[in-house]
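So the structure is just underneath, and the comments pick up after that.
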């Protein structure tokens, strides 16, 4: 299964809050129950060669670098952004449920300290993030992400399905010489080939699990803001950049805030809409949502 080679593509005031709040309510009402999340995914042969910062915007430790296996999938959250200094350009990605920052060079490509090797980009794929167990049925073989000889997977093998494209799932195999690859799994529910690995509703819910539930909500809210601002700009004959909601994972909590921050007081109604939707999608996880100082907070402990 091949993606497009090369790095990620280069990128070439609050108004009428009542209208914006109404737009967000309409967006959520039309999308309740929608669980499918789509995103771009980047996979690099030697990801540790990239200049990567962790969620605290610090250089990775040796242990963190060792966890960056060949072709580890990086879900693109924001293709073009900046570090907290407001100056250093980067791409923001999710790896294993946590945020990382891939620094960009002067030309807009991904900065690297050495030869990163083959780079693959998969566009607008369906994010899965579940674990399945392989059952008796036809023989199942893993096609390594970087190419090479297929590897037969035995009955009882558990794999993490990261995303799906073209009828195949990009999976992580917990053990073996190959960690990531493509697997053709027939059907979208339990079949003779595989079954879901059930997990208790509240036990073992990780920060990555919570982020996976929250991001589609934030994506819909930001999409609504972009559409509304585009409509308002067209009517007034001038272009105005829309604000956007941003999720971040810090030590001990998940935060959602509006950027630019000075606009947050004018969007208090929109924030309340988000709080209600967050509560809905986090139902059964044991996590609760609070709104304080213009930020939505979800404690992890």
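The values are calculated or read from the model by the stated rules, or taken from the named source; none is laboratory data. Just so you know, these numbers come straight off a predicted model, no measurement behind them. A quick note on method: Cβ atoms are made from the backbone with ideal geometry, for glycine too, and the neighbour counts reach across all protein chains shown.
The table below gives the values:
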item: Yes/no for residue 113 being surrounded by fewer than 16 Cβ atoms within 10 Å (Cβ to Cβ) and in contact with a helix residue (DSSP H, G or I) (Cβ under 7 Å, 6 or more places away or on another chain); result: yes
item: Residue among 46, 78, 67, 37 that alone is under 23 Å from residue 261 (Cβ atoms) and surrounded by fewer than 20 Cβ atoms within 10 Å (Cβ to Cβ); result: 78
item: Residue satisfying condition, being assigned to a loop (DSSP other than H, G, I, E, B) and surrounded by fewer than 18 Cβ atoms within 10 Å (Cβ to Cβ), within set 129, 147; result: 147
item: Of all residues in region 132-144 being in contact with a strand residue (DSSP E or B) (Cβ under 9 Å, 6 or more places away or on another chain) and outside any strand (DSSP E or B), the one that is modelled with the lowest pLDDT; result: 137
item: Filter result for residue 255 (in a strand (DSSP E or B) and surrounded by fewer than 18 Cβ atoms within 10 Å (Cβ to Cβ)); result: yes
item: Hey, residue 65 outside any strand (DSSP E or B), touching a helix residue (DSSP H, G or I) at 6+ places or on another chain (Cβ under 6 Å) and farther than 16 Å from residue 249 by Cβ or not; result: yes
item: Filter result for residue 280 (part of a helix (DSSP H, G or I) and under 22 Å from the mean Cα position of the chain (by Cα)); result: yes
item: Test for residue 243: is it surrounded by fewer than 17 Cβ atoms within 10 Å (Cβ to Cβ) and modelled with pLDDT of 85 or more; result: no
item: Of all residues making up region 283-301, the number that are more than 23 Å from residue 98 (Cα to Cα) and assigned to a loop (DSSP other than H, G, I, E, B); result: 2
item: Odd one out for residue 98, checked against (1) under 20 Å from the mean Cα position of the chain (by Cα); (2) within 25 Å of residue 184 (Cβ to Cβ); result: (2)
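Condition check ((1) surrounded by 16 or more Cβ atoms within 10 Å (Cβ to Cβ); (2) assigned to a strand (DSSP E or B)) across all residues:
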| residue | (1), (2) |
| --- | --- |
| 84 | no, no |
| 94 | yes, yes |
| 102 | yes, yes |
| 108 | no, no |
| 117 | no, no |
| 120 | yes, yes |
| 123 | no, yes |
